[in-house]
Every structure is written in C-alpha cells, then in structure tokens.
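Colleague: Got a structure for you, questions after.
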Amino acid sequence: MSETGKNWWKEGVIYQIYPRSFKDSNGDGIGDIPGIISKLDYLQSLGIDMVWLNPVYGSPNDDNGYDISNYYDIMKEFGTMEDFDVLLKGLHDRKIRLLMDLVVNHTSDEHPWFKEAKQSRESAYYDYYHWWPAEKGTPPFRYSHFDASGNAWTYNKATNSYYLHYFSEKMPDINWENAATRQAIYEIMRFWFKKGVDGFRMDAICYISKDTSWPDVRNLVRDKYNNDWAGYYAHGPHLHDYLQEMRKETMDGFDVTTLAEASGITIDEALLFVKEDRKQLHMLYHFEGMMLGYEKNGYKRPDPKGPDLVQLKKVYTAWDEVFEQDGWGTIYLGNHDQPRMVSRWGNDTEEFREVSAKMLMTFLLTMRATPIFYNGDEIGMTNIRFNKIEDYRDIETINMYKYLQSKKEDLERFLKDQQTSARDNGRTPFQWDDSINAGFTTGKPWLKINDNYTTLNEAAASSNDRSILQFFRQMVLLRKHTPALVYGTYDLYDEKHPQVYTYTRTLDKEMLLIVLNFSKEKIDYDIPFQLAADIEPLVNNMLTFNLKTLEPYQALIFGPLPPSKVVSRRAERVLKTKKEVAF
Ligand code: GLC
Ligand code: CA
C-alpha cells in the first residue's frame with residue numbers, strides 16, 4: 001500500500017444507524033432524527049468515524065424508506081430538514097462524517113415522476129421508468145424480490161403497459177438509459193454534497209443498468225446464475241459507463257466517499273468498481289461472506305450446521321487479496337438486511353453471547369478493510385425469533401410468506417427459517433436501558449422489542465467495565481492507533497483448521513498475530529509461532545490465557561511484535577513470499 005493510497009475512509013470505522021429503530025423522541029413509537037441527535041455524545045463515545053444513515057427521505061414506507069417519494073425532503077415521521085441540519089452539524093462537531101443512503105435503482109410509485117409517468121405514454125416522465133407495451137403481449141419474465149406473485153412487471157391501465165419493479169410493486173425501477181433521468185439523479189446527489197454530507201452508501205447500485213431489449217433470460221439465469229436473479233440484475237451493459245459519469249458529474253471537487261451495495265458481484269469484478277484510476281466508486285460490500293450457510297435458491301434457507309469456517313476463511317482471504325494492490329474493501333457481519341451478527345456468526349446463548357460477540361468484533365476490527373458495524377451490535381443485541389407472521393413488519397418476509405402460501409409450500413418451515421434469517425431480527429428497537437420499552441420510546445414501538453432488554457441494554461453495558469460495549473470501544477481505539485491493523489498485509493495460517501482463524505497483520509517492521517476460536521469448544525491449539533513462554537496477549541476477550549489451549553470463542557491478539565521477536569514455524573515460507581518481513 002503506497003502512502004498516496006492512504007485515505008480517511010480506509011482508516012475509519014463505519015457505524016450504521018437504522019433510524020426507525022434507534023431512538024424515538026416524541027412517543028409515536030418510531031425512531032427519528034431528534035432521537036439520534038439526543039445520542040450524539042453516545043456516538044462519539046464509541047470512537048467511530050463515519051455514520052451510514054439508512055434512508056431518511058420522504059417515503060410512504062412500503063420498504064422502510066427504500067421507496068422514496070421526495071429526495072429533497074425528510075420523512076415526516078423522522079423530522080424536518082432543520083433537524084437534519086442539526087444532526088449533520090452535531091456529527092461534524094464531533095469529527096464524525098455522515099454517509100447518506102442513495103436509492104436510485106427505483107423510486108416510490110408515489111414519487112411525482114412516477115405519478116406523472118403512469119398517466120400517459122406522452123408524459124415527459126414516461127421515459128423515466130421501464131415499460132413493456134401491452135400490445136406486444138405479456139412481458140418476458142423478470143423476478144421481483146418483494147412481490148407476492150414473484151413477478152417484476154405490473155400492468156398499468158392508463159398507459160396500457162407494464163412497468164418494471166425488481167422490488168415491490170410500489171418501487172418502480174428508474175430508466176437510466178434516459179440522459180435526463182440521469183441528470184435529475186446527479187442533481188439530487190449534488191444537493192446533498194453541497195449540504196456537506198460526506199458520501200453515499202449506494203443501494204442496489206449494480207442493478208441500475210438493464211438490457212432494455214428484454215430478452216427471455218430464464219435459461220441464462222438458471223444456468224449461469226444458479227437461479228439467483230441478483231446475479232443477472234447486477235450485470236447491465238452500461239453499468240460502468242453510468243458510474244463513471246456519475247462520479248464526474250457529482251463528486252469532482254468534493255472530499256467524499258461511496259460505498260456500493262454490490263449484490264450479485266463476484267470477486268473478479270470488484271476492481272471494475274473500485275480500482276482507483278477507473279474513477280467510479282471508492283468501496284463496496286459483497287455478499288459472498290453473508291451468503292455462507294444459506295441456500296441461495298429461493299429465500300435464504302439456513303443450513304442448520306451454520307456456516308463453515310474453512311469456507312469463511314477462504315472467502316475473506318480471497319477478498320483481501322483482490323485489494324492487495326489497488327482498490328479497497330469493507331467488512332461486515334450484519335446490517336439492516338441481515339439477522340443479528342452474534343446470533344448468526346457467534347452464539348447468543350447466555351453462556352457464550354458476550355465472549356462470542358467480542359470475538360467477532362476482534363475479527364472485524366483486525367482485517368484489512370473498512371469495518372462496518374450495525375447499531376446494536378456494539379452491545380451484543382440478538383435475534384428476536386418471532387414465531388408468527390403477524391409479528392413481522394418487513395415486506396420481504398410478509399410477501400415471501402404470501403408467495404409460498406400461493407405455491408402451497410411449507411409455511412411452518414419458512415417461519416422457522418425466518419427465525420434465523422429474517423431482516424426484522426436485526427431491526428428491533430435499540431435497547432437503551434431497562435425502563436419500559438427499553439428506553440426506546442414512551443409509546444408503542446413500531447416493531448416488538450426483544451424481551452432480553454431488561455439485562456441486555458446500553459446503560460448496563462456502559463456501567464460494566466468488561467461489557468461487550470467497553471470491549472468495542474477499546475478495540476476501535478486500538479485499530480485507530482495501530483496502522484498495521486489498517487494498512488498492514490494480511491497472512492492466513494492454518495487455513496484448513498475447522499475451528500480456529502489465525503492470521504497476522506504486518507506493516508513495515510511491526511506485526512500483530514490474531515488467533516480466533518470460532519467454535520463453542522475448548523480446544524488444544526498449537527499457535528503456529530514460537531512465542532516467549534511469558535508472553536502476555538495484547539488483547540484477550542476473557543480473563544484466562546494459556547499458550548496451548550483456546551477457550552470457546554476466545555480471541556487473542558499478540559503484538560505489536562517486532563518480527564525479530566516472533567519466530568514463525570513457517571518462517572521459510574513467509575520469507576519467500578514476504579521479503580519485507582525479516583524473521
Ligand atoms: C437494498 C437495501 C434493502 C432494500 C432493497 C431495496 O438491498 O439494503 O433494505 O430493501 O435494497 O431498496
Ligand atoms: Ca418518533
């Protein structure tokens with residue numbers, strides 16, 4: 001990594017806020033911007049550098065803000081533009097940057113563009129969307145992620161044509177082929193950059209370009225993408241032209257960053273987006289790690305055995321390698337589209353919740369990639385595991401339920417699987433304290449609060465020196481003060497070990513050794529380095545330490561060690577590949 005490649009967005013930690021569930025200020029049961037403002041000091045206390053805020057624009061909330069009806073305004077439930085300005089200033093005063101969510105694959109059907117477009121084929125806005133004229137018969141099948149019928153085309157009587165919606169029927173896809181539409185989108189982006197926002201997380205950005213000759217692609221999707229439509233959707237013919245144009249038209253002159261949601265993108269394509277001299281985007285997040293332990297076909301069906309660690313190491317090692325020379329990655333284990341990190345990748349039982357959450361934090365904060373933490377993960381919030389469909393609010397779960405019902409599929413199995421994988425698991429309100437409704441609201445929360453809030457809450461965590469939260473704060477500080485953890489090279493050891501993930505991070509003459517037990521077993525483990533008998537770990541997520549044994553979910557960091565102090569059993573191999581490390 002050259003000096004010139006250094007950047008604030010590579011060195012910082014991102015904290016994602018799901019505003020609907022963060023903090024309610026007025027008792028309507030819905031989190032809001034004044035609520036976030038009341039927690040600014042808390043955000044600062046975490047040591048994080050960037051906030052990614054899920055959409056807060058005008059929206060009828062078919063998909064919790066991802067269906068935007070006004071890009072220049074704030075959603076009524078969340079507050080006003082004045083509130084937003086106070087939030088932005090409050091973050092900047094605390095040296096925290098703000099990334100907004102940019103949702104421009106689709107709008108709401110209540111956006112004025114669509115309201116105009118659906119009136120007549122003559123409307124100037126008709127061409128802002130994708131249509132299939134009914135005189136040509138029924139449109140070639142496209143799958144819709146959130147439609148109860150699974151069909152991405154919906155008929156509109158006034159224009160006698162079908163409009164395209166990769167997501168729900170209230171989320172029509174924008175036609176990027178139209179230069180006027182693209183300019184209208186760039187205008188929106190410039191508006192927010194001029195306000196001072198520091199970047200965008202880009203929703204479903206790989207889907208913006210489509211093959212508008214609309215070929216029948218069912219066989220292609222089956223054969224090439226294993227029936228996963230995201231793969232096909234992510235490969236439109238003009239995607240990179242649009243991204244290049246967007247960068248030039250909106251970002252020149254602003255010190256901003258972008259984070260692409262890159263579903264359907266494989267490792268071989270990553271650099272097309274983020275190679276620095278291609279001047280498109282800055283960072284992306286992939287789904288390869290997230291999909292481990294799920295069947296890809298249909299809805300996310302969890303494998304009861306959970307994700308396989310050898311596979312996980314392979315994925316994250318490969319994604320590290322791709323950015324070895326150029327571009328930059330991110331790393332995350334949960335967000336608003338996923339279940340809770342500790343429930344999915346760790347162990348949320350009373351016995352192991354704390355220790356496994358700390359182990360996962362150690363992982364995220366010691367990899368060469370910008371870490372993204374989802375709100376609530378810093379206190380170890382867990383899946384709620386609803387057992388009836390009525391408890392869910394998420395359109396993805398509700399419409400998939402209807403879809404499976406219409407196909408007479410096993411709904412009980414679906415509900416059981418959703419306890420592991422549903423998005424609402426990660427969306428339950430933030431647990432601030434043990435008062436009524438976890439201190440989130442004085443009213444009725446929009447989504448049920450997890451019963452464990454009486455003991456699992458921020459206040460309790462803040463007053464306990466050994467809590468997950470305090471560990472998080474210390475680990476964030478450690479990353480900040482240890483350049484090797486940001487820019488250092490990453491080397492994997494014991495890649496075939498089924499329970500332990502061991503790697504080093506090395507920068508100049510400094511090295512850290514990270515050893516993580518991803519299992520609930522206590523195991524004998526021979527660390528692949530000769531360490532002094534009296535060595536003390538720099539980080540240990542538990543009180544005990546023994547050179548030969550790892551406790552369940554134990555996380556250890558040794559170092560920073562000058563390489564002369566560490567003797568690798570693999571010294572020869574390391575020397576051959578890493579000349580700068582003189583063991
Ligand atoms: C992205 C968002 C998700 C949303 C979808 C449609 O995947 O992260 O929450 O439902 O796009 O906008
Ligand atoms: Ca509110």
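Colleague: Residues of the range 288-309 with the amide nitrogen closer than 17 Å to a label point 7 Å from the Cα of residue 410, along Cα-to-Cβ, please.
Modeller: Under cut-off, by backbone N: 294-306.
Colleague: What dipole magnitude, in Debye to the nearest 20, does the range 112-164 give about its Cα centre under +1 on Lys/Arg Cβ and -1 on Asp/Glu Cβ?
Modeller: So the magnitude is around 80 debye.
Colleague: Please sort by residue number the trypsin sites (Lys or Arg not before Pro) in the range 110-200 whose DSSP state is loop and whose Cβ has at most 16 other Cβ atoms within 10 Å.
Modeller: 121, 157
Colleague: Rank the residues 9, 176 as a footprinting-exposure proxy: fewest other Cβ atoms within 10 Å of their Cβ go first.
Modeller: Details: 9 22, 176 25.
Fewest-to-most Cβ neighbours within 10 Å comes out as 9, 176.
Colleague: A follow-up question, please. Between 31, 45, 435, whose Cα lies farthest towards the positive end of the dipole of the chain when Lys and Arg beta carbons carry +1 and Asp and Glu beta carbons carry -1, centred on the Cα centre?
Modeller: 45
Colleague: Now, a different point. Under a 5 Å amide H to amide H cut-off, with H placed in plane at 1.01 Å, what residues pair with residue 264 once short-range neighbours are removed?
Modeller: Here the answer is 287, since their amide H atoms fall under 5 Å of that of residue 264.
Colleague: If you take every DSSP beta bridge whose two residues both sit in the chain, what share of them, in percent to the nearest 5, is antiparallel? Could the numbers behind the result be given before it?
Modeller: Details: 39 of 64 bridges.
Roughly 60 percent of the beta bridges in the chain run antiparallel, per DSSP.
Colleague: 7 Å from Cα along Cα→Cβ at both residue 95 and residue 442: what's the point-to-point distance in nm?
Modeller: With each label placed 7 Å out from Cα toward Cβ, I get 3.6 nm.
Colleague: Let me ask another. Please give me the summed charge of the neighbours of residue 308: other residues whose Cβ is under 12 Å from its Cβ, Lys and Arg +1, Asp and Glu -1.
Modeller: Combined, the nearby Lys, Arg, Asp and Glu give +3.
Colleague: Please work out the Cα center distance from the range 33-93 to the range 10-32, rounded to the nearest Å.
Modeller: Going from one Cα centre to the other spans 7 Å.
Colleague: Cα centroids of the range 202-251 and the range 508-549: how far apart, whole angstrom?
Modeller: The distance from the Cα centre of the range 202-251 to that of the range 508-549 comes to 44 Å.
Colleague: Now, a different point. Net charge near residue 457, counting Lys/Arg +1 and Asp/Glu -1 over other residues with Cβ under 13 Å of its Cβ?
Modeller: Taking every Cβ under 13 Å from that of residue 457, the sum is -4.
Colleague: Roughly how many debye, to the nearest 20, is the charge dipole of the chain about its Cα centre, given +1 on each Lys and Arg Cβ, -1 on each Asp and Glu Cβ, and no other charges?
Modeller: Taking the Cα centre of the chain as origin, the dipole is about 840 debye.
Colleague: Which trypsin sites (Lys or Arg not before Pro) in the range 258-324 sit in a loop by DSSP (not H, G, I, E or B) and have at most 13 other Cβ atoms within 10 Å of their own Cβ?
Modeller: 279, 305
Colleague: Just to confirm my numbers, what's the Cα centroid distance between the range 116-145 and the range 353-401 in Å?
Modeller: 37 Å
Colleague: May I have the convex hull volume per residue, in Å³, for the Cα set of the range 17-65?
Modeller: 77 Å³
Colleague: Something else now. With no solvent and one equal point scatterer placed on each C-alpha of the chain, evaluate the Debye formula and give log10 I(q)/I(0) for q = 0.08, 0.10 Å⁻¹, two decimals.
Modeller: Here log10 of I(q) over I(0) equals -0.55, -0.88.
Colleague: Once the other residues with Cβ under 11 Å from the Cβ of residue 475 are scored (Lys, Arg +1; Asp, Glu -1), what is the net sum?
Modeller: With Lys, Arg at +1 and Asp, Glu at -1, the neighbours total +3.
Colleague: Please arrange 123, 463, 263, 21 by counting, for each residue, the other beta carbons lying within 10 Å of its beta carbon, fewest first.
Modeller: Ranking 123, 463, 263, 21 by Cβ neighbours within 10 Å, fewest first, gives 463, 123, 263, 21.
Colleague: Which loop GluC sites (Glu not before Pro) in the range 443-541, with loop taken from DSSP, have no more than 14 other Cβ atoms within 10 angstrom of their Cβ?
Modeller: When the GluC sites (Glu not before Pro) of the range 443-541 are filtered for loop state and at most 14 Cβ neighbours within 10 Å, 495, 521 remain.
Colleague: Related question: What number, rounded to the nearest 500 deg cm²/dmol, is the helix-based mean residue ellipticity at 222 nm of the chain, given -39500 (n - 2.57) per DSSP H run of at least four residues and division by all its residues?
Modeller: Mean residue ellipticity at 222 nm (helix-derived): -8000 deg cm²/dmol.
Colleague: So which of 23/76; 170/448; 358/520 end up more than 20 Å apart by C-alpha?
Modeller: Table pairs above 20 Å Cα-Cα are 170/448.
Colleague: Antiparallel DSSP bridges in the range 89-247: what percent, to the nearest 5?
Modeller: On the way: 10 of 15 bridges.
Roughly 65 percent of the DSSP beta bridges within the range 89-247 come out antiparallel.
Since every read-out is calculated from the coordinates, none of them should be taken as a lab result. Note that the structure is predicted; figures quoted are calculated from it, not measured. Please note: Cβ atoms are built from the backbone with ideal geometry, for glycine as well, and neighbour counts cover all protein chains shown.
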